[in-house]
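Taking it in order: structure first as C-alpha cells, then the write-up.
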Amino acid sequence: MLLDLSLSELAKGLREHRFSSVDLVNECYDQIEKLNGTLNALITIIPKEEALASAQKADKELTPDASPLFGLPYVLKDSYVTKGIKTTAASNVLKDFIPQFDATVYTKLQQSGAILIGKANMDAWGHGASAENSDFGPVKNPWDDTRVSGGSTGGCAVAIATRMCAFAIGEDTGGSIRNPSAWCGTTGLKVTYGRVSRFGCIAYASSFDTVGPMAKLAEDCAIVLQAIAGVDPFDASSSPQPVEIYNDQLKSRKKLRIGIAKETLQEGVDTEIVTAVELAKETFKSMGHEIIELSMPLLDFGVAVYYQIAPSETSSNLARYDGVRFGGGRDLFTDENKRRIMIGTYALSTGYADKFYHNAQKARTLFIKEYEKAFSKCDVLLLPVTPFHAPRLGELINEPLKNALADRFTTTQNPVGIPSLALPAGFSSEGLPIGVQLTGPMFSEHILFQLAQQFQEKTDYHQRKPKGIE
Ligand code: GLN
C-alpha cells in the first residue's frame, strides 16, 4: 500500500510522479469505506469528490520546494474547529455545530497543502482513555475489534493504523495522544505546553491541553510538528521560543543518558509491558546510550493530582455550553462528562478549594521539581505508556477507577508541561501492540525524535499492521 510509506517517502514519490495525490486520497477512501463502519474511527468524512478535487489541484500545483505535507491526506481530532465543517467534540451537546472560524493548526495545515479528509472520533470533550465515551459510538481497536482503541484520541490512531490517512492531529491533556498510539501501534507526540497554538482547540483543561502530531513514525511526527509549531497571536500561551529544524537534528547520533525510574516498572504493570521497556532499554544501550537508574516516588501521585485539576478546569471550560450561549443544553453531557463537571465544581468551591484544588496545584509544583531533579541526572526518561494492554470494550467505561489507572504514566507530564513521545515497542502474547514513551525536558522534542528514530531504524514494531490491512 502507498500509505505504508513514510511521509518523506510519500513526498518524494509525489515529486517523482511515481504516484499522485489522487492515488493517495483514493487509497484512504477505500480504507474508510472498508473499515469505518466497523471501527468507527471518523465522525465526519469529507465528501470524496471534495477531497479528490483538492488532490487534483495539489497534483497540478506541486512544486519541488512545497511543504513535505503538500497533497497528503490527514484527519483532525474532532476537537478542532473547522469553518463550515461540523465539529462535535464527540458530544451531542455540539451535534450540529458548524464553526465560524478555523483552528490555527488547521489553518497551518491548509497553508502547507495537506488535504483534510475527516474528523476523528474521540471521548466526548476528551474525557476518557478508551474512546468509548463518545456520543457517536465507541472506536474499536483494529488489532482486535472486541477491544478499545484507547483514548481520548482513538479515532486518529485507528485511522493511521488502518491507512485511512497519512497522519493525524491529536490532542493530549493527560495521555490522549499517547494512550491510543500505544494501544494501536502508532507513534504520537505530546508536545511541550505552548509549542503548538491551542487556538480553535475545544478546551478540556486549558493549562494541560496540547496539540500534537500522530503518525506511523517518529520521523513523520517531526515533519508534521515542523508545520504546526510556533507562536500564534491568537494564543497568548503559545511560546515565542524559536522552533528547531527537526529534520536536521534527526540524524544526530549524540550519546545520551536515558533514565528509568524504578517506580514505573513496579506492581500493577503488566509483565509484558515491563519486558518491552527492558528490551527498549537494551536496544538503546546497544546504540551506546547510557542507562541511569532513578527513583521518582512522586510519579505515583500523578493520577490523584490530575483528577483534581483537570476536572476543575473542565467544569469551568464547559460552563459556556449551557444551551443559551453555546451548544444544545446541559442534559446532553454524558455521565462521564457530568461526573467530571461535578468533581471539578466541588474541588473549586468555597471551603473545599484549599483542601483539593490548591493542594493539587502545590503537588504540581512538586512534580516540576521531581522532573528537574531527574533531568539533572539524565537527558530523557524511558517509561511505559500504559500499565495494561487495550482492554475489552466496556471494561473501562463501566469502571471509572480502572479508567483513571490507564492514565498512570501519562498524567504527570501535562501538569509539568514537558514533551513525551509514545512509540511502538513490542506486542503482547495475544498480538496487541505495546508502547513505550520517551519524556524529556521543556522543548526537547528534537531529542525525543532523534532517539525514537534510532529505535525505529533498529526495530520493526512500527511496520507491523493489523490483519486485513493490505
Ligand atoms: N484519559 C485522560 C482523561 O480522561 C486524558 C484525556 C486527554 O488527554 N484528553 O482525562
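The values are calculated or read from the model by the stated rules, or taken from the named source; none is laboratory data. Since the model is a prediction, treat every value here as computed from it, not as a measurement. Note that we place each Cβ from the backbone using ideal geometry, even for glycine, and neighbour counts take in every protein chain shown.
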Practice problem: Identify all residues within the range 302-318 that are away from the ligand (no atom under 11 Å from the Cβ) and hydrophobic (A, V, I, L, M, F, W, C); write none if there are none. | Solution: Ala304, Val305, Leu318
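For the range 174-197, what are the residues that are in contact with a Ser or Thr (Cβ under 8 Å, 6 or more places away or on another chain) and within 23 Å of Leu393 (Cβ to Cβ)?
First pass over the range 174-197, keeping only residues in contact with a Ser or Thr (Cβ under 8 Å, 6 or more places away or on another chain): 174-184, 187-197.
Correct list: Gly174, Gly175, Ser176, Ile177, Arg178, Asn179, Pro180, Ser181, Ala182, Trp183, Cys184, Gly188.
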Exercise. State which residue pairs qualify: first residue modelled with pLDDT of 95 or more and inside the range 323-346, second residue among the basic types (Lys, Arg) in any location, beta carbons under 8 Å apart, and separation of 6 or more residues or different chains.
Key: Leu332/Lys95
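On the basis of being within 15 Å of the ligand (Cβ to nearest atom) and more than 30 Å from Asp248 (Cα to Cα), does Pro400 make the cut? Full working, then the answer.
Values: within 15 Å of the ligand (Cβ to nearest atom): yes; more than 30 Å from Asp248 (Cα to Cα): yes.
Yes: the conditions hold for Pro400.
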Quiz item: How many of the residues making up the range 280-304 are assigned to a helix (DSSP H, G or I) and over 22 Å from Gly175 (Cβ atoms)?
Solution: 5
Quiz item: So Pro213 fits all but one of (1) outside any loop (DSSP other than H, G, I, E, B); (2) more than 16 Å from the ligand (Cβ to nearest atom); what number is the exception?
Solution: (2)
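Tell me the residue from Thr439, Thr410 that is over 18 Å from Cys184 (Cβ atoms), hydroxyl-bearing (Ser, Thr, Tyr) and within 16 Å of the ligand (Cβ to nearest atom), please. Spell out the reasoning first.
Numbers: Thr410 fails: over 18 Å from Cys184 (Cβ atoms).
After ruling out the rest, the residue left standing is Thr439.
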Quiz prompt | Hits in the range 400-454 (condition: of a type in the set (Phe, Trp, Tyr) and buried (at least 23 other Cβ atoms within 10 Å of the Cβ)) | solution = Phe409, Phe449
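Which of the residues belonging to the range 1-33 are hydrophobic (A, V, I, L, M, F, W, C), part of a helix (DSSP H, G or I) and over 23 Å from Ala218 (Cβ atoms)?
Looking only at the range 1-33, we keep the residues that are hydrophobic (A, V, I, L, M, F, W, C), and these are 1-3, 5, 7, 10-11, 14, 19, 22, 24-25, 28, 32.
Still in the running and part of a helix (DSSP H, G or I): 2-3, 7, 10-11, 14, 22, 24-25, 28, 32.
Across the range 1-33, the qualifying residues are Val22, Val25, Ile32.
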Quiz prompt | Count of residues meeting criterion [under 20 Å from Leu39 (Cα atoms) and out of contact with any Asp or Glu (no Cβ under 7 Å at 6 or more places or on another chain)] in the range 96-120 | solution = 3
Practice problem: Restricting attention to the range 314-340, report how many residues are surrounded by 22 or more Cβ atoms within 10 Å (Cβ to Cβ) and assigned to a helix (DSSP H, G or I). | Solution: 4
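Sort out which residues of the range 368-397 are of a type in the set (Ser, Thr, Tyr) and within 12 Å of the ligand (Cβ to nearest atom), and write them in order of number. Talk me through it step by step, then tell me what you get.
Start the filter on the range 368-397 by keeping residues that are of a type in the set (Ser, Thr, Tyr), which leaves 371, 376, 386.
Result: Thr386, single match.
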Practice problem: Confirm whether Thr350 is of a type in the set (S, T, N, Q) and farther than 20 Å from Asn133 by Cα. | Solution: yes
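Let's see how each residue does on (1) more than 20 Å from Phe326 (Cβ to Cβ); (2) in contact with a strand residue (DSSP E or B) (Cβ under 9 Å, 6 or more places away or on another chain):
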site	(1), (2)
Pro64	yes, no
Leu72	yes, yes
Tyr80	no, yes
Asp96	no, no
Ala103	no, yes
Met122	no, yes
Gly126	no, yes
Glu132	yes, yes
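When you check Ser429 against the structure, is it away from the ligand (no atom under 16 Å from the Cβ) and touching a residue at least 12 places away in the same chain (Cβ under 8 Å), yes or no?
Working: away from the ligand (no atom under 16 Å from the Cβ): yes; touching a residue at least 12 places away in the same chain (Cβ under 8 Å): yes.
In short, yes.
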Exercise. Enumerate the pairs (first residue in the range 144-158 and more than 12 Å from Asp123 (Cα to Cα); second residue anywhere and within 12 Å of the ligand (Cβ to nearest atom) and assigned to a loop (DSSP other than H, G, I, E, B)) with beta-carbon separation below 7 Å, excluding pairs fewer than 6 apart on the same chain, so at least 6 apart or on different chains.
Key: Ala157/Gly150
